[in-house]
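Report on the structure given below.
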Amino acid sequence: MNKNPFKDIIASEEVLREICGNPGELVKNKTITYLDEHCQQFIARSGLIFMSTSNRSGSCDVSPRGDGEGFVHVVDQQHLVIPERPGNRRFDSLLNILSNPHIGLIFVIPGLDETLRINGRAAIIQDRDLMTQMQAQGKTPKLGIAVTVEECYMHCGKAFKRSHTWEPESWPAKEQLPKPARIIAAHAGKLGVTEDEVARSLKETYEKRLY
């Protein structure tokens, strides 16, 4: 096992607060426990979320989910449903939910630095009535991730401002971007697949199996 390279590890909230301070009154009081009209309007404009889950032992996963804006269905002020579109069938998030229902969501709207964070408890459902309401491209999802909302709050936009995410002039040139097919081929080296083979597989998946 490699030696831990990290020094000066913070091991208590007391030390953390001493270094970084405490939240202001606005931050401490901005959390609500239901989907009010503002949260629902935000969700209706969001086409991308990041979903955090963990299993019962604490191993974590963060997975993106995306579709047309408003793809997450709000049932009422306490409940929402995320359609489960076709993926790689690893089911990291779904297996975590079966083991541990706690879930965290970040809703993103392109061009907006602030995000909406929602925490709660999740379950996997087959509810045909709800699934029918979330059809896309003529396809009905087989499953949905049903979330019972426990916390909602706006998160400031510092991360997006620092990263210049919504500023195209700051984006790297396309030829400078990492090559996903090359990375996958390297990581799956024992299979002997080539970069071109992976690229063709990705292209087919994106063109034929999005829904």
Inset, instruction - Decide, for the stretch 20-73, between rounded, prolate and oblate: order the square roots of the alpha carbon gyration tensor eigenvalues as a ≥ b ≥ c, take rounded if a/c falls under 1.5, and otherwise choose prolate if a/b is larger than b/c, else oblate. - result: oblate
Legend entry - the chain - mean residue ellipticity at 222 nm from DSSP helices (-39,500 (n - 2.57) per run, n ≥ 4, rounded to 500): -8000 deg cm²/dmol
Inset, instruction - Just order 125-137, 10-22, 42-54 by mean Cβ neighbour count inside 10 Å, highest at the front, would you? - result: 42-54, 125-137, 10-22
Legend entry - Out-of-range pairs (alpha-carbon distance over 27 Å; input 139/203; 139/179; 28/161; 3/161): 139/179; 3/161
Inset, instruction - Work out the length of the dipole vector of the stretch 163-210 about its Cα centre, built from +1 on the beta-carbon of each Lys and Arg and -1 on the beta-carbon of each Asp and Glu, and round it to the nearest 20 debye. - result: 260 debye
Legend entry - Cα-centre dipole for the stretch 97-211 with unit charges at Cβ (Lys and Arg positive, Asp and Glu negative), debye to 20: 280 debye
Legend entry - Per-peptide average of other Cβ atoms within 10 Å, ordering 28-40, 70-82 highest first: 70-82, 28-40
Legend entry - Overall form of the stretch 1-120 per C-alpha gyration tensor (a/c, 1.5; a/b vs b/c): oblate
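Where a number appears in this text, it was derived from the coordinates with a stated rule and is not lab data. None of these values were measured; they are calculated from a predicted model. No Cβ is skipped: glycine too gets one built from the backbone with ideal geometry, and neighbour counts run over all protein chains shown.
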